[in-house]
Amino acid sequence: MSDAVDPERREPESTREIGYWIGEPYWGQGLIPEVGREILHHGFEDLQLTAIWGVHDVNNHKSSRVMDKLGLAPVRTARHVHLKLLGDVYRDELVRRITADEWLTR
């Protein structure tokens, strides 16, 4: 899991983090929520995970909406997170989670 979610590596092995990226020509077609639901289904039904986490830039309202649709609720804000893949970039990220019980009762 990412440092934003679990910086001290305390989350149990039965949890995972979901992430996604999609090219701009495909935005707004409902593809990410559809795939996300399938990933959650696989995680909770097949892998028997207890929780799935997600993280997005606090200013990325489209990702926020996707995670809302998937049922991942805000847990906390991780401040000044280093996005290593982007170089010397730091951003605040909203950390979200859905538990197996929450997903199964949706």
Probe 1.4 Å, accessible area per residue of the chain, Å²: 67
Using a 10 angstrom cutoff on alpha carbons, build the Gaussian network for the chain and name the most mobile of Glu11, Glu38, Glu24. Glu24
List the residues whose amide H sits under 5 Å from the amide H of Val81, counting only those 5 or more places along or on another chain, with H placed 1.01 Å from N in the peptide plane. Arg91, Asp92, Glu93
Options (i) 20.6, 60; (ii) 13.8, 41; (iii) 12.5, 36 are given for Rg and Dmax of the Cα atoms in Å, and the computed one is (ii)
Carbon and sulfur atoms: what percent of the 1.4 Å accessible area of the chain do they account for? 51
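The values are calculated or read from the model by the stated rules, or taken from the named source; none is laboratory data. These figures come from a predicted structure and were not determined experimentally. What goes into the accessible areas is simple: the full protein's heavy atoms, side chains included, and nothing from ligands, DNA or RNA. Shrake-Rupley method; radii C 1.70, N 1.55, O 1.52, S 1.80 Å.
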